[in-house]
Amino acid sequence: MKHFLKETDFTASELPALFELAREFKAKRGSHAQPLAGQTWAMIFSKSSTRTRVSFEVGIHELGGNPLFLNKNDIQLGRGETIADTARVLSRFIHGLIVRTYDHAEVEQLAALGSVPVINALTDLLHPCQIFADMFTLAERWSGNNGGDMVHSLRGRKIAFVGDRGCNVANSWILGANLFGMKIALAGPPGFDAAPEFDALLAREGYGGAYEFTTDAYAAVKDADVVYTDVWVSMGKEEETAERIRVMSPFAVTPELFAAAKPDAYFMHCLPAHAGQEVTQDVLDNPRSIIFDQAENRLHMQKAILATLAQAVRR
């Protein structure tokens, strides 16, 4: 049974076919195959969402399946039923499970104890669906959308992540950049290092120490092909809002910082963005800002992931 809990659940050799499938789904939207026909995929969300929920619901529907949205507080999991029992019961009803939650251990337990594919739609540790969609967005531009060459076009490119070094998107970019053969440099204030849990994961995947971290945003952005940022206050960190804004303000992506990257560099943000905090409105509106292409490609890449995992699902 194949799951998608972290970027490296797909091997490097599987990536070209996955990207080609996403490209095909995008090009043939409305007229492609429906590999989820007759299947129901449940979605357990403990965190609010716009792009993730809508793209998965639409994607499952367009692949011929039935999306079943389950708010954690509306099922027995929210009243104390164990993850083990939830996984075993749902596996009797559904064909796959998509989970958006806080604790990464929850998605790991659901995958280990159930008998259907599980997709990580975001945890506090990782956000792999976002990074695969981002990689696809970049590969479209750098490869000319030439099928199997898409993944190869990413190799050797440099991404600079500026801001909250310890957030799930930064973690996933480190893991993803190493899987795809990219270089990554991160910049942020002291004290926002990776959680020990993430460093342990990197070591297990053979990528220990495979990134640069600096407190100098301009040093990180130098020679970058991509400048990326995320919100400074992630869900669950609201009580730290004032302090996070104070210490991270020197790491805002301004036109001056963006100009320090390569002349043809792209700006990316997983959204929602807070203009005037982690990024200025000028940068969001820059012609080389591809934030809405990223958002659209969540749909196409997630459909490719769903279709690939559905191959092993019982009918």
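A few notes on this one:
- Index of the failed condition, Thr82 passing every other in (1) farther than 22 Å from Asn168 by Cα; (2) of a type in the set (Ser, Thr, Tyr); (3) in contact with a strand residue (DSSP E or B) (Cβ under 9 Å, 6 or more places away or on another chain): (3)
- Residue within segment 290-306 that is farther than 18 Å from Leu18 by Cβ and touching a strand residue (DSSP E or B) at 6+ places or on another chain (Cβ under 8 Å) present: yes
- Qualifying positions in segment 107-131 - crowded, with 20+ Cβ neighbours inside 10 Å, outside any loop (DSSP other than H, G, I, E, B) and either at pLDDT below 95 or over 17 Å from the mean Cα position of the chain (by Cα) (or both): Leu110, Ala111
- Boolean, Ile75 is closer than 14 Å to Lys303 by Cβ and either surrounded by 16 or more Cβ atoms within 10 Å (Cβ to Cβ) or at pLDDT below 95 (or both): no
- When segment 25-47 is filtered for residues that are of a type outside the set (A, V, I, L, M), out of contact with any Lys or Arg (no Cβ under 6 Å at 6 or more places or on another chain) and not in a loop (DSSP other than H, G, I, E, B), the ones remaining, listed by number, are Lys26, Thr40, Trp41.
- Among the residues of segment 206-215, those identified as part of a loop (DSSP other than H, G, I, E, B) and either surrounded by 14 or more Cβ atoms within 10 Å (Cβ to Cβ) or touching a strand residue (DSSP E or B) at 6+ places or on another chain (Cβ under 8 Å) (or both) are Tyr207, Ala210, Tyr211, Thr215.
- When residues of segment 1-41 are limited to those that are among the basic types (Lys, Arg) and either closer than 23 Å to His95 by Cα or touching a residue at least 24 places away in the same chain (Cβ under 8 Å) (or both), the one surrounded by the fewest Cβ atoms within 10 Å (Cβ to Cβ): Arg29
- Any hit, segment 38-46, residues being among the β-branched types (Val, Ile, Thr), farther than 23 Å from Met150 by Cα and in contact with a Gly (Cβ under 8 Å, 6 or more places away or on another chain): yes
- Within segment 216-238, the set of residues being part of a helix (DSSP H, G or I), over 22 Å from the mean Cα position of the chain (by Cα) and more than 16 Å from Phe192 (Cβ to Cβ) comprises Tyr218, Ala219.
- If the condition is being buried (at least 18 other Cβ atoms within 10 Å of the Cβ) and not in a helix (DSSP H, G or I), then segment 78-100 contributes Ile94, His95, Gly96, Leu97, Ile98, Val99, Arg100.
- Per the conditions (1) in contact with a Leu (Cβ under 6 Å, 6 or more places away or on another chain); (2) surrounded by fewer than 15 Cβ atoms within 10 Å (Cβ to Cβ), the sole criterion not satisfied by Leu63 is (2).
- Top-ranked residue in segment 253-285 [being touching a residue at least 60 places away in the same chain (Cβ under 8 Å) and either among the hydrophobic types (A, V, I, L, M, F, W, C) or surrounded by fewer than 19 Cβ atoms within 10 Å (Cβ to Cβ) (or both); ranked as nearest to Phe132 (Cα to Cα)]: Cys270
- Verdict on Asn297 being on the phi < 0 side of the Ramachandran plot and either surrounded by fewer than 21 Cβ atoms within 10 Å (Cβ to Cβ) or not in a helix (DSSP H, G or I) (or both): no
The values are calculated or read from the model by the stated rules, or taken from the named source; none is laboratory data. Since the model is a prediction, treat every value here as computed from it, not as a measurement. Note: ideal-geometry Cβ built from the backbone for every residue, glycine included; neighbour counts use all protein chains shown.
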